[in-house]
Amino acid sequence: MSAAAPVTEWTDFGFDTRQVHAGEFSDLNAGLRVPAIAMSAGFVFDDFDDQAARFSGQSVWNAGANAVLSEVDAFTGSAPAPIYARQGNPTNAVAEARLASLEGGTSAVAVSSGQAAISSALFALAQSGDHIVSAASIYGGTRILFGRSFKRFGIDVDYVWDTTDDAAWDRAIRPNTKAIFAESIPNPCNDVTDLAHLARVAARHQLPLVVDNTVGTPALIRPFEHGASIVVHSTTKFLTGHGAAVGGAIVDGGRFDWEAAERAGRSYPLITRAPRPGAASMLDRFGATAYARTAREAVVNDIGPSLSPFNGFLLHQGMETLSLRIDRHVASSQRIAAWLADQPEVESVDYSGLPGHPLYELAARDYGTGSDGIARTGSVFGVTVRGGAAGARACVDALRVFSRMTGIGDTRSMVIHPLTTTHATFSPDVNERLGITPGLLRLSVGLETPDDLIQDLRAALDAVRALPRDCASGGTSPLRAVVSPS
């Protein structure tokens with residue numbers, strides 16, 4: 001009796017199963033259980049016709065069959081048959097298929113960094129003379145990207161400060177607006193976004209909603225289920241998970257009606273229009289994966305932010321333990337945030353999962369609660385210590401387990417002072433509105449023993465307490481509250 005054939009289509013399996021298996025393929029040469037690293041700049045064509053088929057996009061790599069198919073297969077996990085590593089390769093195709101499966105999208109494109117993911121995702125939608133509207137509370141590096149490079153390329157970005165205000169969105173959106181951008185869990189203040197509300201705004205204006213889900217991860221929230229059209233990630237963070245490899249990804253939800261947007265006057269020529277007379281558009285050729293194919297072929301291939309296959313290997317390896325790590329990250333963060341809220345040296349804790357936070361009900365609705373009843377809003381949050389900048393300095397310099405470094409989503413806990421680092425180039429009034437005060441610190445809680453992290457923070461707060469009494473207060477933002485579970 002022959003052995004049962006292995007599973008190659010994982011759509012109907014649970015999240016934990018898919019994070020281990022989705023996208024993987026059996027090696028037909030040596031029987032490797034883990035997909036190998038395809039360290040090759042180029043790929044051999046079978047014959048004259050095969051090279052033409054690959055360049056025309058009419059061949060895809062089917063990881064399940066470990067083969068190149070002759071016609072496009074739209075199931076989640078298919079990727080263009082490899083031509084050159086700038087477009088992708090079989091190692092990265094595993095990570096792409098896995099992430100698309102976990103997010104519930106139709107296809108994904110791996111790129112060289114989170115900034116490359118945001119840039120490539122939006123360049124597929126907008127060109128010089130176009131406009132994007134973003135939620136105001138987003139990562140400082142993304143604001144810099146929008147305010148510097150996007151501006152240089154002729155793409156304007158405006159911000160909406162109150163994301164719950166429909167009138168504010170309506171005022172900001174123009175005829176040449178091409179997308180709405182937001183983060184699921186904004187960095188650094190953990191002020192969760194009502195994605196369903198933004199999706200309704202976007203639908204009313206026939207716009208795609210692009211959501212950065214780096215801090216949320218599909219283990220906590222899947223933006224497509226809330227109406228998002230496109231998801232981006234800095235895979236450097238939680239998805240890879242160990243701080244060892246920079247990467248990014250774009251995921252296509254496959255549900256946005258590009259033709260309806262075109263009829264409404266929102267033009268997306270790379271997707272909906274034929275590149276030359278007699279040729280079919282990307283939408284006609286690829287349907288539900290048309291946006292992802294456009295991002296890959298018309299942006300990533302042209303500009304070149306390709307992901308190293310070694311980093312792609314670390315990415316799909318990291319995703320195998322995503323839900324397990326996120327559970328630990330969140331449990332430790334909930335405990336530490338609650339503990340910090342009770343400390344006299346702390347003015348406020350920006351963790352929307354704590355009861356008493358102004359956004360707690362939204363956090364509980366969209367992220368659910370753990371066995372302790374506390375909402376699961378990730379492990380990146382802000383804490384404002386007393387004493388302003390002097391208090392922040394004393395706290396940071398006294399920490400011994402927390403690493404003083406930029407970055408989030410690592411196994412290691414990290415701390416940074418946003419006002420003098422990630423937000424140092426912004427005007428005082430912008431930082432004030434964002435809640436970036438002199439005493440604010442951003443924490444990224446890792447996987448260490450929580451008692452050790454609390455002990456480290458206690459020693460750091462002792463250093464804050466030892467400061468002279470006349471040190472300035474750090475101040476609080478309108479969204480903040482000194483929240484305590486007691």
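Counting only residues that are out of contact with any strand residue (DSSP E or B) (no Cβ under 7 Å at 6 or more places or on another chain), aliphatic (A, V, I, L, M) and surrounded by fewer than 24 Cβ atoms within 10 Å (Cβ to Cβ), region 186-200 holds 1 of them.
Yes/no matrix, rows are residues, columns are (1) under 30 Å from Gly129 (Cα atoms); (2) β-branched (Val, Ile, Thr); (3) at pLDDT 95 or above; (4) surrounded by fewer than 24 Cβ atoms within 10 Å (Cβ to Cβ):
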site: Glu225; (1), (2), (3), (4): no, no, yes, yes
site: Val231; (1), (2), (3), (4): yes, yes, yes, no
site: Ser234; (1), (2), (3), (4): yes, no, yes, no
site: Asp252; (1), (2), (3), (4): yes, no, yes, no
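Looking across region 311-340 at every residue that is closer than 22 Å to Arg458 by Cα and surrounded by fewer than 22 Cβ atoms within 10 Å (Cβ to Cβ), the one that is farthest from the chain's Cα centre (by Cα) is identified as Trp339. Of all residues in region 416-428, one or more are within 25 Å of the chain's Cα centre (by Cα), among the aliphatic types (A, V, I, L, M), closer than 21 Å to Val192 by Cα and buried (at least 18 other Cβ atoms within 10 Å of the Cβ).
Collect the residues in region 83-102 that are assigned to a helix (DSSP H, G or I) and either of a type in the set (A, V, I, L, M, F, W, C) or over 17 Å from Ala41 (Cα atoms) (or both), keeping them in residue-number order. It would help to see each step written out before you state the result.
As a first pass, look at region 83-102 and keep what is assigned to a helix (DSSP H, G or I): 90-102.
Ala93, Val94, Ala95, Glu96, Ala97, Arg98, Leu99, Ala100, Ser101, Leu102 - these are the residues of region 83-102 that are assigned to a helix (DSSP H, G or I) and either of a type in the set (A, V, I, L, M, F, W, C) or over 17 Å from Ala41 (Cα atoms) (or both).
Close Cβ contacts (under 9 Å, 6 or more residues apart or on different chains) running from residues in region 420-441 that are farther than 21 Å from Arg148 by Cβ and assigned to a loop (DSSP other than H, G, I, E, B) to residues that are of a type in the set (Lys, Arg) and at pLDDT below 95 comprise Gly435/Arg480.
Within region 416-437, can you find the residues that are under 23 Å from Val246 (Cα atoms) and in contact with a helix residue (DSSP H, G or I) (Cβ under 6 Å, 6 or more places away or on another chain)? The answer is His417, Thr422, His423. Residues that are crowded, with 24+ Cβ neighbours inside 10 Å and closer than 15 Å to Gln58 by Cα within region 281-291 comprise Met282, Phe286, Thr289, Ala290, listed in sequence order. Using the structure shown, decide if Ala182 is among the small types (Gly, Ala, Ser), more than 18 Å from the chain's Cα centre (by Cα) and modelled with pLDDT of 95 or more. Judged against the criteria, Ala182 is not a match. Among the residues making up region 5-20, those that are within 19 Å of Gly318 (Cα to Cα), in contact (Cβ under 8 Å) with a residue 60 or more places away in the chain and not basic (Lys, Arg) are Trp10, Phe15, Asp16, Gln19, Val20.
If you check Ala295, Ala363 for being in a helix (DSSP H, G or I), assigned by TED's automatic domain parsing to the domain that holds Arg442, crowded, with 18+ Cβ neighbours inside 10 Å and within 19 Å of the chain's Cα centre (by Cα), only one passes: Ala363. Residue by residue through region 331-355, note down the ones that are out of contact with any Phe, Trp or Tyr (no Cβ under 6 Å at 6 or more places or on another chain) and assigned to a helix (DSSP H, G or I). Of everything in region 331-355, those that are out of contact with any Phe, Trp or Tyr (no Cβ under 6 Å at 6 or more places or on another chain) and assigned to a helix (DSSP H, G or I) turn out to be Ala331, Ser332, Ser333, Gln334, Arg335, Ile336, Ala338, Trp339, Leu340, Ala341. Do we have Thr377 as under 20 Å from the mean Cα position of the chain (by Cα), within 24 Å of Leu440 (Cβ to Cβ) and either buried (at least 19 other Cβ atoms within 10 Å of the Cβ) or not assigned by TED's automatic domain parsing to the domain that holds Gln455 (or both) here? In short, yes. Going through region 110-129 one residue at a time, which ones are buried (at least 22 other Cβ atoms within 10 Å of the Cβ), in a helix (DSSP H, G or I) and within 13 Å of the chain's Cα centre (by Cα)? Scanning region 110-129 gives Gly114, Ala116, Ala117, Ile118, Ser119, Ala121. Could you say whether any residue in region 147-160 is in contact (Cβ under 8 Å) with a residue 60 or more places away in the chain, surrounded by fewer than 17 Cβ atoms within 10 Å (Cβ to Cβ) and either more than 17 Å from Val210 (Cβ to Cβ) or not assigned by TED's automatic domain parsing to the domain that holds Arg273 (or both)? No, region 147-160 contains no residue that is in contact (Cβ under 8 Å) with a residue 60 or more places away in the chain, surrounded by fewer than 17 Cβ atoms within 10 Å (Cβ to Cβ) and either more than 17 Å from Val210 (Cβ to Cβ) or not assigned by TED's automatic domain parsing to the domain that holds Arg273 (or both). Within region 161-181, being aromatic (Phe, Trp, Tyr), in contact (Cβ under 8 Å) with a residue 40 or more places away in the chain and buried (at least 20 other Cβ atoms within 10 Å of the Cβ) holds for one residue alone: Phe181.
Can Thr235 be described as touching a Pro at 6+ places or on another chain (Cβ under 7 Å) and among the β-branched types (Val, Ile, Thr)?
On the way: touching a Pro at 6+ places or on another chain (Cβ under 7 Å): no; among the β-branched types (Val, Ile, Thr): yes.
No; evaluated as a whole, the condition is false for this residue.
Of the listed requirements (1) in contact (Cβ under 8 Å) with a residue 60 or more places away in the chain; (2) part of a loop (DSSP other than H, G, I, E, B); (3) more than 15 Å from Leu453 (Cβ to Cβ), Gly373 misses just one: (1).
The values are calculated or read from the model by the stated rules, or taken from the named source; none is laboratory data. Given the structure is predicted, the values throughout are model-derived calculations rather than measurements. Heads up, the Cβs are rebuilt from the backbone with ideal geometry, glycines too, and the neighbour counts pull from every protein chain shown.
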